[in-house]
Structures are given as structure tokens and as C-alpha cells.
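Here's the structure we're looking at; comments come further down.
We did not get these values from a lab; they are worked out from the coordinates using the rules stated. Just so you know, these numbers come straight off a predicted model, no measurement behind them. Using ideal geometry, Cβ is built from the backbone for each residue, glycine included, and neighbour counts are taken over all protein chains shown.
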Amino acid sequence: MERIIASLLVVALAVATINSLQIARLTGSPADGLATAGNVVAAVPPTPVTTAGYSVIPQGVPAVYGAELGVSFSDVSSATPQVADATIRRLGVLDQQITLSGDDLQRYIAIASQISCEYCCGAKSIIFENGAPACGCAHSFAMRGLAKYLITTHGDEYTDAQVLDEMGKWKVLFFPGQHIKKAEILQQQGIELTYSNLASNAYRGIEKGASASGSGMVGGC
């Protein structure tokens with residue numbers, strides 16, 4: 001009888017031990033003596049950078065055209081350089097694929113002449129006065145491609161100011177550190193903090209002499 005009781009106690013102890021290990025695996029809390037190496041920790045998305053409540057770094061999928069083009073603001077990050085380069089190329093190829101003429105060309109010239117890629121090259125804007133490319137960097141291709149796409153595909157949905165604003169959002173992603181600092185200076189001077197004001201030529205160079213914070217450039221020039 002004593003042997004039977006002893007056997008039952010051993011079995012009960014073994015069952016309890018197994019249950020303890022199973023619970024530990026389910027809850028993610030390691031049991032005593034178990035190695036924790038190899039556990040996969042989900043990546044935490046970066047916290048949006050804000051300046052006095054204003055989100056400087058755009059995130060998420062752009063409305064209207066984001067799903068169509070398969071692009072997301074969140075993909076352009078120094079943490080994921082290959083994804084960032086692929087996204088920039090996806091926008092940039094539109095510059096080569098889309099040919100503008102007539103009113104669309106004039107509208108494009110009016111918009112794209114207001115923005116440059118000054119952190120990558122010294123051109124006055126990303127286009128010449130006739131609409132031809134003035135800067136050969138990947139960032140400029142991307143901004144020009146986006147402008148052409150919005151004008152030809154969603155021209156009635158976006159005003160000129162809104163197209164420029166969208167171009168500005170991507171430029172902020174391409175040069176986050178410079179624009180975070182520029183946003184601070186614009187606010188200090190009481191200038192309305194919009195993506196157009198932040199990234200267009202309207203206040204180009206206002207941040208000169210100030211130290212940029214964060215990543216200087218995402219994607220190659």
C-alpha cells in the first residue's frame with residue numbers, strides 16, 4: 001500500500017511540474033532554470049516626433065494614393081534602409097513614366113518649382129522653369145513622381161497647395177533631423193507650421209546654423 005501511495009505522489013509531482021512548464025510557456029514567464037535566449041520580441045513602431053503638439057514626422061498610409069501606389073510614410077526610416085530605398089524608387093519611377101503636357105504641365109511647373117532638395121544638392125528647385133528635372137537625386141525623383149501622379153490621377157481632388165503639402169511630407173521623411181529643427185525654429189518665430197511651410201522654399205535656410213537632431217538623411221542622394 002505504501003508503495004502505491006509513493007508511486008501516486010511521484011506521478012502527481014511529475015504532472016504538476018509539466019503543468020508549471022506549460023503555463024510558463026503560455027504566459028511568457030520563464031520557469032526557474034529555463035533559458036530565455038531566442039525569445040522573439042515584436043518591433044515597436046517609432047514614436048511620432050512632435051513639436052508643441054504638431055506631428056512633424058508623418059506616419060501611416062497616405063490617404064487616397066497610398067494604397068494605390070503601395071507606399072507608406074512609415075516605410076521611410078533610417079531603421080529600415082532597404083524598405084526606404086524601395087519606397088523612394090517606387091515614387092521616383094513615376095517621374096520617368098508620366099509625361100505631362102498642356103494645363104497639367106503648367107500646373108506641375110507652378111507646384112514643383114516651389115520645392116527643392118537643398119539638403120542633397122544646391123538646385124533652386126527640383127525642376128527647371130520648363131519643368132525638366134533640375135536635380136538627379138532619388139529624393140527629387142520621388143517628389144516629382146508624386147506630383148505628376150497626383151496631378152494626372154487625382155487632379156480634381158487635390159489643390160495645388162495640397163499637392164505641395166504631400167510632397168513636403170515625403171521630403172520631411174527624407175531629411176527628418178533637419179526638418180525637426182526647422183519646425184522648432186518656425187514655431188519660435190510664430191510661423192504657421194504646415195508641411196508646405198516646413199519643406200518648401202518659402203523658408204528655405206531658416207534653420208541654418210542650428211544643430212539638427214535625429215537622422216540627417218534617409219535614402220541615398
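Assorted remarks:
- With neighbours defined as other Cβ atoms within 10 Å of a residue's Cβ, the residues L91, L150, L100 order from fewest to most as L100, L150, L91.
- With 0.36 nm allotted per residue and the present C-alpha distance subtracted, the R89-V64 stretch has 7.1 nm of extension available.
- In the stretch 113-221, the GluC sites (Glu not before Pro) that fall in loop regions by DSSP, at most 14 other Cβ within 10 Å: E129, E157, E192
- Low-density loop cleavage sites - trypsin sites (Lys or Arg not before Pro) in the stretch 57-117, where at most 10 other Cβ are within 10 Å (DSSP): none
- Counted by neighbouring Cβ atoms within 10 Å, the residues K181, K208, K124, K148 run from fewest to most as K208, K124, K181, K148.
- Neighbours of Y119 by Cβ distance under 13 Å: Lys/Arg scored +1, Asp/Glu scored -1, total +3.
- Once both labels are positioned 7 Å from their Cα atoms along Cα-to-Cβ, the gap between C121 and S55 label points is 3.2 nm.
- Stretch gain in nm, segment H154-T194, where the contour uses 0.36 nm per residue and the Cα spacing is subtracted: 12.3 nm
- For the listed residue pairs K148/K169; K148/K208; K148/K182, the alpha carbons are over 20 angstrom apart in K148/K208; K148/K182.
- Amide hydrogen neighbours beyond the local backbone of I127, cut-off 5 Å, H modeled: A134
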